[in-house]
Amino acid sequence: MKPSKPSHQARGSRSHGSAPRRAPQDQGWDPVAAWYDKLVGEAGSDYHRHVILPAALRMLAAREGESVIDICCGQGVLAGPLLETGIARFTGVDASPRLIAAAKSRHGKNPRVSFVTADVCQPGQWADGSHDAAACLMAVHDVPDVAAMFAQMAAALKPGGRALMVMMHPCFRIPRQTHWGWDADQKIQYRRIDRYGTPLEISVTTHPGKGSGEQTLFHHRPLSALLNTMGSAGFAVTACEELYSHRRSQGSGPFSKAEHRAAEEIPLFIALKAVKLPQA
């Protein structure tokens with residue numbers, strides 16, 4: 001079998017378009033909160049546990065006594081691992097009241113934790129310049145106005161504060177525009193890229209095959225556009241890691257060998273670490 005593709009909806013609840021239409025006040029991924037909470041749960045999905053969270057904790061390098069804010073926190077999957085590092089304060093912000101309620105049910109009794117229901121693209125009291133570090137895991141591609149989100153993330157940080165974004169790799173993981181292929185002559189599994197350079201909004205069904213009609217929007221942007229938008233918000237990228245699948249084929253033969261090689265060579269996610277410039 002081919003290396004499994006992660007859900008396009010990982011880490012939802014951004015302020016973004018979704019079907020069916022919502023009330024004027026954007027509530028992020030509220031319409032699909034139950035599905036998403038079941039998918040990710042308290043400890044994270046398979047990819048969270050083995051790939052995303054280890055990289056995020058390593059790159060963010062949170063230190064004892066620091067204050068960390070999680071932008072588009074969902075059900076708070078990052079809270080537990082960060083609290084184990086000894087940070088003094090964890091703040092999670094998300095547009096979905098249902099996902100914030102799930103986060104509070106798991107971590108709300110901890111005096112070092114607070115969760116805020118808010119649109120991360122709009123100014124708020126949470127963006128008060130008091131945090132040492134910020135994270136945004138698997139959410140950048142779910143936000144329509146990423147420039148506004150980066151601006152509010154920068155506003156939440158102290159000068160020199162660190163920020164970490166982990167997202168679907170924009171060069172290789174675009175819904176309906178990237179695919180696995182098999183070259184029978186060379187016996188290799190390859191990644192076919194149909195479109196990349198044009199920003200795209202792509203509807204993604206959250207329950208494929210069930211006919212529920214619930215969808216989210218995936219916002220594809222070329223890597224250069226993301227980097228330039230981060231720069232405009234006052235961030236300077238200091239580190240980058242491309243993250244690969246931990247899954248491996250259990251079979252044998254040319255297909256398994258090719259799948260194993262593809263899993264090692266073609267990344268699923270990209271992690272960008274940045275610092276807030278003093279003048280931002």
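Only the coordinates and a few stated rules stand behind these numbers; no lab work does. Computed from a predicted model, the values in this text were never measured in an experiment. Quick reminder, even Gly has a Cβ in these numbers, built from the backbone with ideal geometry, and neighbours come from all protein chains shown.
Residue check, C121 against (1) surrounded by 17 or more Cβ atoms within 10 Å (Cβ to Cβ); (2) touching a Lys or Arg at 6+ places or on another chain (Cβ under 7 Å); (3) of a type outside the set (V, I, T), all met but one. Which one?
Checking C121 against (1) surrounded by 17 or more Cβ atoms within 10 Å (Cβ to Cβ); (2) touching a Lys or Arg at 6+ places or on another chain (Cβ under 7 Å); (3) of a type outside the set (V, I, T), the one that fails is (2).
Being outside any loop (DSSP other than H, G, I, E, B) and over 22 Å from M149 (Cβ atoms) is the filter; apply it to segment 73-87 and report the residue that is farthest from the chain's Cα centre (by Cα).
L83
Check segment 205-219 and report whether any residue there is closer than 13 Å to P170 by Cα, buried (at least 17 other Cβ atoms within 10 Å of the Cβ) and either in contact with a helix residue (DSSP H, G or I) (Cβ under 8 Å, 6 or more places away or on another chain) or of a type in the set (V, I, T) (or both).
Yes, segment 205-219 contains a residue that is closer than 13 Å to P170 by Cα, buried (at least 17 other Cβ atoms within 10 Å of the Cβ) and either in contact with a helix residue (DSSP H, G or I) (Cβ under 8 Å, 6 or more places away or on another chain) or of a type in the set (V, I, T) (or both).
Can you tell me how many residues within segment 184-204 are closer than 20 Å to S245 by Cβ and either surrounded by fewer than 12 Cβ atoms within 10 Å (Cβ to Cβ) or of a type in the set (V, I, T) (or both)?
4
All but one of (1) buried (at least 22 other Cβ atoms within 10 Å of the Cβ); (2) on the phi < 0 side of the Ramachandran plot; (3) not hydroxyl-bearing (S, T, Y) hold for M138, so report the exception by its number.
Of the numbered conditions (1) buried (at least 22 other Cβ atoms within 10 Å of the Cβ); (2) on the phi < 0 side of the Ramachandran plot; (3) not hydroxyl-bearing (S, T, Y), the odd one out for M138 is (2).
Kindly establish whether L99 is out of contact with any strand residue (DSSP E or B) (no Cβ under 7 Å at 6 or more places or on another chain), surrounded by 20 or more Cβ atoms within 10 Å (Cβ to Cβ), under 19 Å from G124 (Cβ atoms) and among the hydrophobic types (A, V, I, L, M, F, W, C).
So L99 fits the description; yes.
Considering each residue of segment 173-201, count those that are touching a Ser or Thr at 6+ places or on another chain (Cβ under 9 Å) and under 27 Å from A61 (Cα atoms), and give that number.
Selection size over segment 173-201: 0.
Working carefully through the options F90, F115, find the one that is touching a helix residue (DSSP H, G or I) at 6+ places or on another chain (Cβ under 6 Å), under 19 Å from K158 (Cα atoms), of a type in the set (F, W, Y) and not in a helix (DSSP H, G or I).
F90
Is it the case, given these coordinates, that K187 is basic (K, R), under 18 Å from M230 (Cα atoms) and more than 19 Å from the chain's Cα centre (by Cα)?
On the way: basic (K, R): yes; under 18 Å from M230 (Cα atoms): no; more than 19 Å from the chain's Cα centre (by Cα): yes.
So K187 does not fit the description; no.
Regarding segment 220-227, can at least one residue be identified that is hydroxyl-bearing (S, T, Y), surrounded by 14 or more Cβ atoms within 10 Å (Cβ to Cβ) and under 20 Å from the mean Cα position of the chain (by Cα)?
Among the residues of segment 220-227, not one is hydroxyl-bearing (S, T, Y), surrounded by 14 or more Cβ atoms within 10 Å (Cβ to Cβ) and under 20 Å from the mean Cα position of the chain (by Cα), which makes the answer no.
Give the number of residues within segment 126-163 that are part of a loop (DSSP other than H, G, I, E, B) and under 17 Å from I270 (Cβ atoms).
The qualifying residues number 3.
Which ones in segment 57-72 are in contact with a Leu (Cβ under 8 Å, 6 or more places away or on another chain), assigned to a loop (DSSP other than H, G, I, E, B) and over 17 Å from Y47 (Cβ atoms)?
Correct list: A62 only.
Only one of I202, I174 is of a type in the set (V, I, T), over 27 Å from I69 (Cβ atoms) and not in a strand (DSSP E or B). Can you tell me which?
Just a single option satisfies the conditions, and that option is I174.
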